[in-house]
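Shown next, in structure tokens, is the structure this report addresses.
The values are calculated or read from the model by the stated rules, or taken from the named source; none is laboratory data. Bear in mind that the values here come from a model prediction, so they are computed numbers and not experimental data. Cβ sites come from the backbone with ideal geometry, for glycine too, and all protein chains shown count toward neighbours. Remember, those area values only see protein heavy atoms, side chains included, never the ligands or the DNA or RNA. Shrake-Rupley method; radii C 1.70, N 1.55, O 1.52, S 1.80 Å.
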Amino acid sequence: MADRIIVTGGAGYIGSHVCVDLLSAGKSLLIIDDFSNSSPEAVRRIQELAEGDIRLLKSDLADPAQRERIIDAARDFRAQGAIHLAGLKAVGESVTEPERYYRVNLGSALTLIDALKATGGKLIVFSSSATVYGDRNKSPVDETGLLGPTNPYGRTKYFIEEMLRDLHVSDPGWKIANLRYFNPVGAHPSGRIGEDPNGVPNNLFPYIAQVAVGRREKLRVFGDDYDTRDGTGVRDFIHVCDLARGHRAALDHLAREKAPGVVDVNLGTGLGYSVLEAVAAFKRASNRDIPYEIAPRREGDIAEIYANPSKAKALLGWTAEKSLDDMCADHWRWQRENPTGYGE
Ligand code: UFG
């Protein structure tokens, strides 16, 4: 069993839910986070939700000046593996600042590999994305789908997957899981941790939630002329707590696997819901009006993508359990009880 785990980006939206899940399962954690898009308050609340052993290292994995410090901390912690979530993740920003995306995302992954090499813990669960599939596949998409990300952010995910594959070729002792997330939404049912985006949200759920709570006037629905049920985009929304459990399932799978290797696994529900269906569900859950207007299509969006999640079930014994209504109810509780997120 791998019980001493580094979680990079552990204070972030997905990371905080992963940490609560792993601590509840008895793992010890070293969180490495630079708080560039997260808050120390999230770490405090992780500790409030789950007992257990947490160390925190405030460090930027992409900064060469901090590399030795990170390696020392990993060695001192005697890490047996890592869940790697740290990185930049805004698609639009990656188009205007590609070098920053490559430097930060690839550089962070390389530093983590160095840190694990120093401890001998050759196990990585990587936060990849369905975005690696690009727009070339018919849904449901399985892991043999054609790869072709359409923006620099997506290419960093793709390149890191490939880098980890090469690492395994160089030393077959490495065990790697590339987890391809669909659209993570929702929050912990306690309402204590959730998504706290900087500035104007790019993604659908945080935007809807801010409209429902009165922080923004109305949602813009990007396109109603797609070839889908109601003309709006269709996505595979997955509850962040289901997603977190998927990381633990992947970690346990790698730890017990006798023939190590690289596995690529979709984490999705297998169900596609349209933007307007998501709006209607959120309206029901919050009992608030969600005014919206139809706007032009957003550049780079595709009409429809949802997962074939059967490999996760067969390999990891994992399936998503929470419904769209659960996702909306939990996302709304978090938003209502923390209208400005974690605050200053
Ligand atoms: N949408 C709106 N209005 C908004 C925001 C989004 O109508 O204000 C629509 C989009 O056009 C799309 C759907 O809601 O049809 C979902 O959009 P998101 O931005 O929430 O999610 P994406 O599917 O575009 O992107 C997500 C992640 C990315 C990842 C991608 C991979 O946010 O990090 O999935 O598929 F790369």
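Quick notes on this one:
- Those residues of segment 283-327 which are outside any loop (DSSP other than H, G, I, E, B) and closer than 30 Å to Thr96 by Cβ, in sequence order: Tyr292, Glu293, Ile294, Ala295, Glu304, Ile305, Ala307
- Residues that are touching a Gly at 6+ places or on another chain (Cβ under 6 Å) and under 18 Å from Arg333 (Cα atoms) within segment 146-204 comprise Ala187, Asp196, listed in sequence order.
- Pairs, first within 18 Å of His84 (Cβ to Cβ) in segment 144-170, second modelled with pLDDT under 95 and open to solvent by 30 Å² or more (accessible area, probe 1.4 Å), C-beta under 6 Å, six or more apart: Tyr153/Val91
Condition check ((1) away from the ligand (no atom under 14 Å from the Cβ); (2) hydroxyl-bearing (Ser, Thr, Tyr)) across all residues:
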{"position": "Lys157", "(1), (2)": "no, no"}
{"position": "Ala177", "(1), (2)": "yes, no"}
{"position": "Ala187", "(1), (2)": "yes, no"}
{"position": "Asn203", "(1), (2)": "no, no"}
{"position": "Leu219", "(1), (2)": "no, no"}
{"position": "Thr228", "(1), (2)": "no, yes"}
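- Spans of helices (runs of 4 or more DSSP H) in segment 42-147 with at least 3 residues closer than 20 Å to Leu30 by Cα, more than 14 Å from the ligand (Cβ to nearest atom) and not basic (Lys, Arg): 67-77, 98-119
- Condition met for Asp3 (among the charged types (D, E, K, R), closer than 19 Å to Leu116 by Cα and open to solvent by less than 50 Å² (accessible area, probe 1.4 Å)): no
- Selected residue (only one of Ala285, Ala303, Ala280 is farther than 30 Å from Pro149 by Cβ and within 16 Å of the ligand (Cβ to nearest atom)): Ala280
- Within segment 294-303, tally of residues that are open to solvent by 70 Å² or more (accessible area, probe 1.4 Å) and either closer than 26 Å to Val263 by Cα or charged (D, E, K, R) (or both): 3
- The test for being within 16 Å of the ligand (Cβ to nearest atom), touching a Ser or Thr at 6+ places or on another chain (Cβ under 9 Å) and of a type outside the set (D, E, K, R) does not hold for Val211.
- Residue list for segment 180-220, restricted to those being among the polar types (S, T, N, Q), open to solvent by less than 10 Å² (accessible area, probe 1.4 Å) and farther than 18 Å from Val275 by Cα: none
- Restricting segment 148-176 to residues that are more than 18 Å from the chain's Cα centre (by Cα) and outside any helix (DSSP H, G or I), the residue that is surrounded by the most Cβ atoms within 10 Å (Cβ to Cβ): Lys175
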